[in-house]
Amino acid sequence: MGASLFAIALGGALGALSRYGIGQWVMQAWPKAFPLATFAVNLIGCLIIGILYGLWSSRPEFSPMLRQGLFVGFLGAFTTFSTFSLDALRLMENGEGLMALAYILLSVCVCLLATWAGLSLVR
């Protein structure tokens, strides 16, 4: 348990620093109104989680601790959108298309509403 927590913490620190670094670089290189930094991080995170999920699916001998460090730690701090995307994809792969659509729509719409509600509470 202690080694897994260390792997998650280390991955989380590296993911957060990577997100910050990429965000700063994108904002300096392309300062526009469109949130390109967040979009870039989400896109990169989704590509990475797809690659890693594919690797782990075909190579189960890979270390579970490394998986936790990368999936939960690094990608969890880098972007939670990648996990959301993988969850939706897994539902689709399992033939749960309607459930996937509901998950996507509810996640986006309800989370936007929750963000608005939280902001409204403090304004």
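Please treat every number below as a calculation from the coordinates, not as lab data. On a predicted model such as this, the values are computed, not experimentally measured, just so you know. Methodologically, a virtual Cβ is constructed for each residue, glycine included, from the backbone with ideal geometry; neighbour enumeration extends over all protein chains shown.
Structure notes:
- Rounded to the nearest 500, the 222 nm mean residue ellipticity of the chain from helices alone is -26000 deg cm²/dmol, with -39,500 (n - 2.57) taken per DSSP H run of at least 4 residues.
- Stretched out straight at 0.36 nm per residue, the stretch from Arg59 to Ala16 would grow longer than its current Cα-Cα span by 12.8 nm.
- Karplus-derived HN-Hα couplings along region 28-36 (A = 6.51, B = -1.76, C = 1.60, θ = phi - 60°), whole Hz, x at Gly and Pro: 6, 6, 9, x, 10, 6, 5, x, 5
- For peptides 48-59, 9-20, sequence by mean Cβ density within 10 Å, most packed first: 9-20, 48-59
- Annotation for Ala3 and Leu89: the two label points, set 7 Å from Cα along the Cα-Cβ direction, are 2.8 nm apart.
- Spatial separation of Cα centroids for region 1-75 and region 79-123, in angstrom: 19 Å
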